[in-house]
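Q: A single structure is presented below for examination.
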Amino acid sequence: EAQVTQNPRYLITVTGKKLTVTCSQNMNHEYMSWYRQDPGLGLRQIYYSMNVEVTDKGDVPEGYKVSRKEKRNFPLILESPSPNQTSLYFCASSLNTPWVDGYTFGSGTRLTVV
Amino acid sequence: AQSVTQLDSQVPVFEEAPVELRCNYSSSVSVYLFWYVQYPNQGLQLLLKYLSGSTLVESINGFEAEFNKSQTSFHLRKPSVHISDTAEYFCAVRAPGTYKYIFGTGTRLKVLA
């Protein structure tokens, strides 16, 4: 089944403890991205990747890191999480570009930082 | 900068009534416009898209949207809603001159029995 898989679905952590949210797609998609969803703010793009080893900042990249060493994987790293990073996170992938092909989304990761 | 505006944060409507969810974009350049739907506790799903050609596009579950260049709008409509249409709907567009892809703030559609 073609899908984007995120793990974990739920995560509670403490301020300052490094964490990684994994994202993997099995569709050979070129473009991958991370978004955070907050009430009243919609989805805001954190980082995106056009291809392997090519990543760039979205609109809210502060406090996050990403890497794209393989085409299928695009992990999101929070080196020192803070409470303002409590949010619902989505990974998404697109065949080439989302403005033509659209996105396939993962099921989301609900992160709470205390 | 390109942006999309969804004016209504919540839209309650009775079952079998028509509904319109509004989306306006800010740029006058050619745009590709999308609508996504998010059912409770799920990720977003592509609903429909406008790339070129006919300005009226339809989805498989009865929604349609019309690209209106003069009004810079891409409103989503359905002539008769069902309880199962209860969800949050997002309009999305490329930020011109970038590789970013941005979403509106969403409209929560609540269909009442």
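The values are calculated or read from the model by the stated rules, or taken from the named source; none is laboratory data. Owing to the predicted nature of the structure, the values given are computational and were not obtained by experimental measurement. Neighbour counts are summed over all protein chains in view; Cβ atoms, including those assigned to glycine, are modelled from backbone coordinates with ideal geometry. All accessible areas refer to the heavy atoms of the entire protein, side chains included, with ligands and DNA or RNA removed. Shrake-Rupley method; radii C 1.70, N 1.55, O 1.52, S 1.80 Å.
Q: Return the value, in Å² to the nearest 100, of accessible area buried between chains B and A (probe 1.4 Å, both sides summed).
A: 1800
Q: Which of the aspartates and glutamates could a cross-linker bridge to A:K65, judged by Cα under 12 Å and excluding same-chain residues fewer than eight apart?
A: The qualifying aspartates and glutamates are A:D56, A:E79.
Q: Let me ask something else. For the stretch A:1-43, would you read off the P(r) tail past 13 Å as a percentage of all alpha carbon pairs?
A: 69
Q: Then there's this: Need the list of lysines near B:K110 for cross-linking: C-alpha distance under 20 angstrom, and skip anything on the same chain fewer than eight residues off.
A: Within reach: B:K78.
Q: Antiparallel versus total DSSP beta bridges in chain A: what percent is that, nearest 5?
A: 90
Q: Show me, bin by bin at 10 Å from 0, the whole-percent P(r) of the protein assembly as shown based on Cα pairs.
A: Here the calculated profile for the protein assembly as shown is 8, 33, 35, 19, 5, 0.
Q: Quote the FRET efficiency, to the nearest 0.05, computed for A:K69 versus A:V114 with a Förster distance R0 of 25 Å and r equal to the Cβ-Cβ distance.
A: Efficiency, rounded to the nearest 0.05: 0.20.
Q: Would you calculate, for chain A, the mean residue ellipticity at 222 nm contributed by helices, counting each DSSP H stretch of 4 or more residues as -39,500 (n - 2.57) and dividing by all residues, to the nearest 500?
A: Calculated mean residue ellipticity at 222 nm is -500 deg cm²/dmol.
Q: Could you work out the mean count of beta carbons from other protein chains within 10 Å of each residue's beta carbon in B:36-48?
A: Per residue, the number of nearby Cβ atoms from other chains is 4 on average.
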